[in-house]
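What follows is a set of notes on a single structure, which appears directly below.
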Amino acid sequence: MLGIFRKWYERYLFEEESIVLLVLLTISVILVITIGEILAPILASLVLAYLMQGLATQLVRHGLPHWFGVSFAFMVFVAVFFGFTLGLMPLVWRQLVSLAGEMPRMLEQGRQLLGVLPERYPDIVSGDQLNELVSMAQAELAGYGQTLVTMSLASIPSIVGLMVYMILIPILVFFFLKDRQLILNWMGGFLPQERPLLRQIWGEMNTQVANYARGKVLEILVVGLVSYFAFTWLGLNYAALLALLVGLSVIVPYIGAALVTIPVCMVGFFQWGFTGDFYYLVVVYLVVQALDGNVLVPLLFSEAVNLHPVAIILAVLFFGGIWGVWGVFFAIPLATLIKAIINAWPTPEIEIESST
């Protein structure tokens, strides 16, 4: 057993930088798992500052001063941040509460629609089964309604914490943007001076993560706004809530769009039934999804992520289960990081002598 471990150590940890990288990865995972909630505002600020750094860098490359690029990027962030937290989220919450209140009426309408099934297909569906299904749905809806009330009451003490976050995160983002190079130099002082492995991984990941994260944020904004204007134009109820769901659905590849189709079609059906307005909604929604997949994604993502679909789905499930929404959002970059580490990890050159 010791011999196997020694061979593994000599094969993968024979360089100082390999051990440093392994220690850094271990410490990072332990910190996120143990005190991730405490570090949440710092990690969120790091991510947001990283997203805005691209705008500041582009302005500097066009000849503008560094202070102007940082200031302009920060002002854009502040506008989007407070517009989302103070403008969109209260509207979405009101529509969510209103939708919860409409659920009993929708359920009764659905029961009436399904009431013809026992008459037409008595061997498959009986009246008792239909009533049992409706009762289960009513119980589930009652539980969700109670959860909403509990959440609204329990959130009262956390308003102070939310206000602290709304002040703390913009301050942290500003200093991360302003003193980016100073912070990187300070962190680099704890690493070996010769670090080709870390430089290779950082160089490979910086481009891919930047393209993916910033492109995904733009995709969420564009798809969400287009969906909101389209739903509002059609007169669909809960347009802001559904548009937010459609925008966030692009985070999860392959299954996000399929899942969000259900609430969009259900709200449209219970509002209009099988009428022309419902079919217009379906057509508009499919056009938005088609334009997103065939036009917007190729424009925003300059470099494709070379990952198998199975690997992407596993990454979404794994990191989403550990870190929630942030894990889902960064599942593909994290999977790409793991792949880059595996590809760049040094291994000793083994000379194979062939006998002739």
Along region 62-68, Karplus-curve 3J(HN,Hα) (6.51, -1.76, 1.60; θ = phi - 60°) to the nearest Hz, with x for Gly and Pro, reads 8, x, 7, x, 4, 5, 5
Quick calc: nm separation of the 7 Å Cα→Cβ label points for Q181 and L24 -> 2.0
For region 272-287, in residue order, the Karplus 3J(HN,Hα) values (coefficients 6.51, -1.76, 1.60; θ = phi - 60°; whole Hz; Gly and Pro = x) are 10, x, 7, 10, x, 4, 5, 5, 4, 4, 4, 5, 4, 5, 5, 5
Quick calc: nm separation of the 7 Å Cα→Cβ label points for E132 and I322 -> 4.2
Placing each pseudo-label 7 Å from Cα in the direction of the beta carbon, L291 and Y165 end up separated by a distance in nanometres of 3.3
Going residue by residue through region 218-223, the Karplus relation 6.51 cos²θ - 1.76 cosθ + 1.60 with θ = phi - 60° gives ³J(HN,Hα) values, rounded to whole Hz and with x marking Gly or Pro, of 5, 5, 4, 5, 5, 5
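No value in this document is a laboratory result; all are computed from the given coordinates. It should be emphasised that the depicted structure is a prediction, and the values quoted were computed from it without experimental measurement. Don't worry about glycine lacking a Cβ; one is built from the backbone with ideal geometry, like all the others, and counts go over all protein chains shown.
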